[in-house]
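One structure is given below, encoded as structure tokens.
The values are calculated or read from the model by the stated rules, or taken from the named source; none is laboratory data. Keep in mind the model is a prediction, meaning the values are calculated, not measured. When we count neighbours, we look across all protein chains shown, and the Cβ atoms used for this are built from the backbone with ideal geometry, even at glycine. To get the accessible areas, we keep the full protein, side chains included, count just its heavy atoms, and leave off ligands, DNA and RNA. Shrake-Rupley method; radii C 1.70, N 1.55, O 1.52, S 1.80 Å.
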Amino acid sequence: MKIKKLGVNIDHVATIRNARDEIYPSPVKAALLAQKSGADSITIHLREDRRHIRDNDLKIIKNKLRIPINLEMAPTNEMLKIATKFKPSFVCIVPEKRKEVTTEGGLNVKKQKKTLYKIIKVLKKNKIRISLFIEPNISDIKLSYNLGADCIELHTGEFCNIFNKGKKTYNSFSKLKRSANFAKRLGLEVHAGHGLTYKSAYKISRINDISEFNIGHFIVAESIFVGLKKTIKKFKKIINK
């Protein structure tokens with residue numbers, strides 16, 4: 001079985017820094033430590049309101065990192081300009097609402113398909129791999145494929161919420177599995193992310209068609225107690241058991 005990759009999202013290192021408007025803890029230091037600890041890529045979400053990652057973080061991390069940067073961004077002209085300026089290895093296009101605490105769901109691909117098509121076209125010209133953050137349903141996967149995306153990232157929030165409450169996850173898990181299988185047959189690379197913990201990531205890692213996990217909040221939270229290095233290494237083992 002092919003080794004599953006782990007993308008480490010360091011947004012919430014920046015959240016802690018920004019809470020006191022200090023220069024620490026450093027997202028750059030976190031990115032470099034994650035790289036050293038076995039992360040396959042670093043994910044950062046540059047939000048419109050810059051609530052955590054800032055433009056200068058992206059600039060420094062891009063210059064210092066050896067592993068790929070996965071830039072999460074809203075489908076806006078401002079973010080497109082930033083992506084084409086810094087040229088990260090990967091871009092994951094995500095929905096964004098100013099008042100949300102965290103990303104609340106997948107893209108409305110049908111509603112935004114014209115905008116997404118234009119953005120994907122520009123990103124492809126700049127040789128940037130494009131992923132769309134979507135709900136696990138067949139119609140959005142078909143649209144993602146037709147728009148020219150290279151990958152999809154399945155929103156695992158619904159599954160994780162049910163799983164964390166100790167409720168039956170059969171239907172939610174089946175949706176993820178069917179979606180991953182369908183996308184893989186179309187030739188899309190399949191990633192997963194949102195709300196994942198050790199236990200929920202292990203469960204979803206049983207889906208062979210998912211090749212990459214992007215995890216942030218739990219990694220940063222757990223690292224308070226055991227350190228970033230141990231947390232990353234444990235996740236790598238869990239998703240590849």
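Peptide packing for 13-25, 147-159 was compared via the average number of neighbouring C-beta atoms within 10 Å per residue; ordered from the highest value, the list is 147-159, 13-25. Phi angles across segment 50-57 convert, under the Karplus curve 6.51 cos²θ - 1.76 cosθ + 1.60 with θ = phi - 60°, into 3J(HN,Hα) values of 6, 5, 10, 5, 10, 4, 5, 4 Hz, Gly and Pro given as x. Hydrodynamic radius of the chain by the Kirkwood approach over all distinct alpha-carbon pairs: 17.9 Å. Subtracting the Cα-Cα distance of Lys114 and Leu186 from their residue separation scaled by 0.36 nm leaves 23.8 nm. Across the accessible surface of the chain, with the other protein chains kept in place and a 1.4 Å probe, carbon and sulfur atoms take up 53 percent.
If you count, for each residue, the other Cβ atoms within 10 Å and average over each peptide, how do 210-221, 107-118 line up from highest to lowest? Let's see the in-between values first.
Values: 210-221: 21.6, 107-118: 15.7.
Most protected by this proxy first, the peptides run 210-221, 107-118.
Tell me what the chain gives for mean residue ellipticity at 222 nm when only DSSP H runs of n ≥ 4 count, each as -39,500 (n - 2.57), the sum divided by the residue total, rounded to 500 deg cm²/dmol.
Working: 11 runs with 116 residues, N = 241.
Helix contribution divided over all residues of the chain: -14500 deg cm²/dmol.
Solvent exposure of the chain, expressed per residue, is 52 Å² of accessible area, with all protein chains present and a 1.4 angstrom probe. Modelled this way, with points 7 Å down the Cα-to-C-beta line, the labels at Lys229 and Asp21 are 3.5 nm from one another.
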